[in-house]
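The values are calculated or read from the model by the stated rules, or taken from the named source; none is laboratory data. Everything numeric here is computed off the predicted structure, so don't read it as measured data. Neighbour counts are summed over all protein chains in view; Cβ atoms, including those assigned to glycine, are modelled from backbone coordinates with ideal geometry. Please note that ligands, DNA and RNA were not included when accessible areas were found on the heavy atoms of the full protein model with its side chains. Shrake-Rupley method; radii C 1.70, N 1.55, O 1.52, S 1.80 Å.
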Amino acid sequence: MNIDTLKQIALEAGKIVKEGYASHHKGVSHKGVVDLVTEFDVKTEAFIIDQLKKTFPEYTLIGEESHHGSYHYEKAIYIDPIDGTTNFVHGIPHLAISLGVWEQGRPTLAVVYNPILEELFWAVQGEGAYCNGKRLEVSPQNKLQNALIATGFPYAKVNAGIEYQWVINCMTNLLPHIQDIRRLGAAAIDLCYLAQGKVEAFYEIDLKPWDVAAGILIVQEAGGKISNVDNQPFDFNDKSIVASNGKVHQQLIHYLEKI
Ligand code: IPD
Ligand code: CA
Ligand code: CA
């Protein structure tokens, strides 16, 4: 398993995403009330799967647009062909292809590529995290009040149910005690921005493995911490994820509601 091959596949797939970003005919349809999918999500995923099948035949391929069933396999690659589809549809250049390789329940390789801004994030377990060749390190900030925090809103918010309530309650508790909130629209990049030291933390509920599989390793390799909202080791079955520079983790969790 080779990081250069994985990067190359993401770079090639990026050409399809870039073409779609410039096109007025994105072929948008609805998976849910506000959950969009485009022809380019499907086309990019099909390309990635075809390439990965040839290069990494021993891995189970778990792509957002084609996978059904379990998330747990001994060797798996989690694929989000476009993380940030709403941004993609609206012409906001904040989106990425996310490829996360996991073995025996641990991340080993990660690539997150924003083809519009030409930012290639990657990490290898034990060898660090990088963006366009530059080594990444989380922010040294240790005061929550000075921390910029990224988050996201689950598509289930439209039901105004427990997910919506959790989002609102967390924000009500947290907002007076932090510098500010950012909702940028692509969880994979939120995690990369944390690894890069641009934000101090990130939290969200209802994310899927393809949203976070790559970003988790990039954060860890940049010196950050990942857990669930109970401050226990994160598992794909968890409803919530909390990621930080490690220094504001406990302070942040204090204001987040248990779910
Ligand atoms: C979404 C983005 C968004 C997050 C949503 C995700 P998609 O992924 O990562 O930031 O808030 O929960 O589902 O649908 O654009 O691949
Ligand atoms: Ca996603
Ligand atoms: Ca997606």
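Taking Cα atoms only, the orientation of helix 39-55 departs from the longest principal axis of the chain by about 70 degrees. Set the Förster radius R0 to 41 Å, insert the Cβ-Cβ distance between GLU257 and HIS25 as r into 1/(1 + (r/R0)^6), and round the FRET efficiency to 0.05. Once the sixth-power term is evaluated, E becomes 0.45. Averaging 1/r over every pair of different alpha carbons in region 113-259 and inverting the result gives a Kirkwood radius of 15.1 Å. Counting only Cβ charges, +1 for Lys and Arg and -1 for Asp and Glu, the dipole size of the chain around its Cα centre is about 440 debye. Solvent exposure of region 142-259 amounts to 39 Å² per residue of accessible area, where only protein heavy atoms count and the probe is 1.4 Å. The listed peptides 58-67, 174-183, 219-228, ordered by packing as a protection proxy, come out as 219-228, 58-67, 174-183 (highest mean of other Cβ atoms within 10 Å first).
Pairwise Cα distances in region 182-242 exceed 15 Å in 41 percent of cases. Across region 168-255, the relative contact order, built from alpha-carbon pairs under 8 Å that are at least six residues apart, equals 30 percent. Here is the size of region 1-159 from its Cα atoms: Rg then Dmax, 16.5, 49 Å.
Compute the angle between helix 3-22 and the longest alpha-carbon principal axis of the chain, please, reported from 0 to 90 degrees and rounded to the nearest 10. On a 0 to 90 degree scale, this one is about 90. Roughly how big is region 73-123's charge dipole about its Cα centre, with Cβ charges of +1 (Lys, Arg) and -1 (Asp, Glu), in debye to the nearest 20? That gives a dipole near 80 debye. Once backbone amide H atoms are built at 1.01 Å from N, ARG182 has ILE149, ALA150, THR151 as its partners under 5 Å, excluding neighbours fewer than 5 places away on the same chain. For GLY246, the amide hydrogen comes within under 5 Å of the amide hydrogens of LYS225, counting only partners 5 or more places away or on other chains and with H modelled in the peptide plane. Along the axis of the charge dipole computed for region 61-164 (Cβ charges of +1 for Lys and Arg, -1 for Asp and Glu, origin at the Cα centre), the listed residues ILE62, GLY105, VAL89 are led at the positive end by GLY105. Across the accessible surface of region 103-259, with the other protein chains kept in place and a 1.4 Å probe, carbon and sulfur atoms take up 47 percent. Amide H to amide H distances under 5 Å link GLY128 with no residue, where only residues 5 or more positions off or on other chains count and H is placed in the peptide plane. Ordering 144-156, 73-85 by mean Cβ neighbour count within 10 Å, with the highest value first, yields 73-85, 144-156. Taking every C-alpha pair closer than 8 Å and separated by at least 6 residues, the mean separation divided by the residue count of region 65-214 gives a relative contact order of 27 percent. Please get the size of the charge dipole for region 19-93, origin at its Cα centre, with Cβ charges of +1 on Lys and Arg and -1 on Asp and Glu, quoted in debye to the nearest 20. The dipole magnitude comes to about 100 debye.
So, counting K/R as plus one and D/E as minus one, what does the shell of residues with Cβ under 12 Å around PRO93 add up to?
Local net charge: -1.
Pairs spanning more than 27 Å between alpha-carbon atoms, out of LYS18/LYS53; LYS18/LYS247; LYS54/LYS157: LYS18/LYS247; LYS54/LYS157.
Mean sequence separation of contacting Cα pairs (under 8 Å, at least six apart), scaled by the length of the chain, corresponds to a relative contact order of 18 percent. Diffusion of region 54-93 by Stokes-Einstein, at 20 °C in a medium of 1.002 mPa s and with Rh set to the Kirkwood radius over alpha-carbon pairs, works out to 180 µm²/s.
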